[in-house]
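The values are calculated or read from the model by the stated rules, or taken from the named source; none is laboratory data. Everything numeric here is computed off the predicted structure, so don't read it as measured data. Glycine gets a Cβ as well: all are built from the backbone with ideal geometry, and neighbour counts include every protein chain shown.
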Amino acid sequence: MKKLFISADIEGTCGIVDWQETEVGNAYSDYFRNQMTAEVAAVCRGALKAGFDEIVIKDAHDSARNLYPDKLPKEVKIIRSWSRDPFSMMTGIDESFDAVIFTGYHNAAGTGSNPLSHTMTGNIYSYKINGLTTSEFLMNSYIAEYFGVPVAMLTGDKGLCLAAKEHISGLTTVPVSEGRGNCSLSIHPQKACELMEEAAEKALNGDLKDCHITLPKEFEVEVAFKRHQSAYRASFYPGAYQIDANTVGFKCKDYMDFLKFEMFAV
Ligand SMILES: [Zn+2]
């Protein structure tokens, strides 16, 4: 039995460019929720062909109620809404999984490769761990490695895909759009799904030994908030310290301690 964990976001879905398109209930969002679902379904089909027979999907955007479950293959299980644990977009992962795939992911705060670039919230100007620009991909790949699970594949904007390969040499990526200022150039939505199905099958059939990110022994975190009030508030988290009016620092050795800082201070 082989188990796949999928964490699905929406801001790296093929063609998406505006926050209105990401909000459940907004008239613009239905199309992109369908495309997000279609991309996840394509990855699942590829995984099933590669012999993965248990697939857990974490709906990992905003309300976490974006995916249309009836449009996914019958073999999957879906985690909707938020448990409120520190694993956040990775709730449900543990050491029993054989691989992780991220879909619809977007580049980090402080990068320009996606009109919707951000890290966790819209209130962050820059997020660094050990000096590295920290995307949700990086943060969540560390969670995968915390449980010893390799990250097989990533879909999202081209800038994130390029940055991600710097961290995981064996990573398969499917870039679907290229941001230019507030616009993006994207491939056709159905082509994106075709590429994802093929790529997932190939990646999961392959050797995943080069798909492990190196989990640092120590974490030195610097979060620059857009609002100075947020940095002041975060500075009261145990162990956190204020670097300047908008920036808070935190150091730890256990990644779980960072995840708690992220959950309660950021
Ligand atoms: Zn999101």
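Have a look at Ser141, Ser117, Ser126 and point out the one that is within 23 Å of Met263 (Cβ to Cβ), outside the structural domain of Phe87 (by TED's automatic domain parsing) and among the polar types (S, T, N, Q). Lay out the reasoning, then the answer.
Details: Ser141 fails: outside the structural domain of Phe87 (by TED's automatic domain parsing); Ser117 fails: outside the structural domain of Phe87 (by TED's automatic domain parsing).
Step by step, each of Ser141, Ser117, Ser126 is checked, and only Ser126 is within 23 Å of Met263 (Cβ to Cβ), outside the structural domain of Phe87 (by TED's automatic domain parsing) and among the polar types (S, T, N, Q).
I need a count of the residues in region 203-234 that are within 26 Å of the chain's Cα centre (by Cα), farther than 21 Å from Thr111 by Cβ and hydroxyl-bearing (Ser, Thr, Tyr).
1
Out of all the residues in region 90-108, which are among the hydrophobic types (A, V, I, L, M, F, W, C) and surrounded by fewer than 23 Cβ atoms within 10 Å (Cβ to Cβ)?
Narrowing region 90-108 to residues among the hydrophobic types (A, V, I, L, M, F, W, C): 90, 93, 97, 99-102, 108.
The answer is Ile93, Phe97.
If I go through region 165-187 residue by residue, how many of them are free of Cβ contacts under 8 Å to residues at least 40 places away in the same chain and either not in a strand (DSSP E or B) or not assigned by TED's automatic domain parsing to the domain that holds Asn114 (or both)?
First, the residues of region 165-187 that are free of Cβ contacts under 8 Å to residues at least 40 places away in the same chain: 165-166, 172-175, 180, 185.
In the following step, the residues that additionally are either not in a strand (DSSP E or B) or not assigned by TED's automatic domain parsing to the domain that holds Asn114 (or both) were identified as 165-166.
Number satisfying all stated conditions: 2.
Are any residues in region 109-129 surrounded by fewer than 23 Cβ atoms within 10 Å (Cβ to Cβ) and among the β-branched types (Val, Ile, Thr), and if so, which ones?
Scanning region 109-129 gives Thr111, Thr121, Ile124, Ile129.
Does region 1-59 hold any residues that are among the small types (Gly, Ala, Ser), within 14 Å of the ligand (Cβ to nearest atom) and surrounded by fewer than 24 Cβ atoms within 10 Å (Cβ to Cβ), and which are they?
Residues of region 1-59 among the small types (Gly, Ala, Ser): 7-8, 12, 15, 25, 27, 29, 38, 41-42, 46-47, 50-51.
Applying the additional criterion that residues be within 14 Å of the ligand (Cβ to nearest atom) yields 7-8, 12, 29.
Correct list: Ser29 only.
Anything in region 239-260 that is under 17 Å from Lys217 (Cβ atoms), of a type outside the set (D, E, K, R) and either part of a helix (DSSP H, G or I) or touching a residue at least 60 places away in the same chain (Cβ under 8 Å) (or both)? List them, or say none.
Within region 239-260, Tyr255, Met256, Phe258, Leu259 meet the criteria.
Just to be sure I understand the filter: pairs with C-beta atoms under 7 Å, separated by 6 or more residues or on different chains, first member in region 11-40 and not assigned by TED's automatic domain parsing to the domain that holds Ala192, second member at pLDDT 95 or above and within 14 Å of the ligand (Cβ to nearest atom). Which pairs pass?
none
Just to check your reading of the model, which residue among Gly46, Gly15, Gly25 is at pLDDT 95 or above and farther than 17 Å from Ala200 by Cα?
On the way: Gly46 fails: farther than 17 Å from Ala200 by Cα; Gly25 fails: at pLDDT 95 or above.
It is Gly15.
Could you list, in sequence order, all residues of region 66-89 that are within 16 Å of the ligand (Cβ to nearest atom) and surrounded by 13 or more Cβ atoms within 10 Å (Cβ to Cβ)?
First, the residues of region 66-89 that are within 16 Å of the ligand (Cβ to nearest atom): 66-67, 79-82, 87-89.
If the condition is that a residue be within 16 Å of the ligand (Cβ to nearest atom) and surrounded by 13 or more Cβ atoms within 10 Å (Cβ to Cβ), then Asn66, Leu67, Ile79, Arg80, Trp82, Phe87, Ser88, Met89 are the ones that fit.
Take the residues of region 90-118 that are outside any loop (DSSP other than H, G, I, E, B) and farther than 16 Å from Thr13 by Cα: which is farthest from the ligand (Cβ to nearest atom)? Outline the logic, then answer.
Looking only at region 90-118, we keep the residues that are outside any loop (DSSP other than H, G, I, E, B), and these are 90, 99-105.
Checking the rest, the ones that are also farther than 16 Å from Thr13 by Cα come to 90, 99-100.
Details: Met90: 13, Ala99: 22, Val100: 17 Å.
Only one residue tops the list, namely Ala99.
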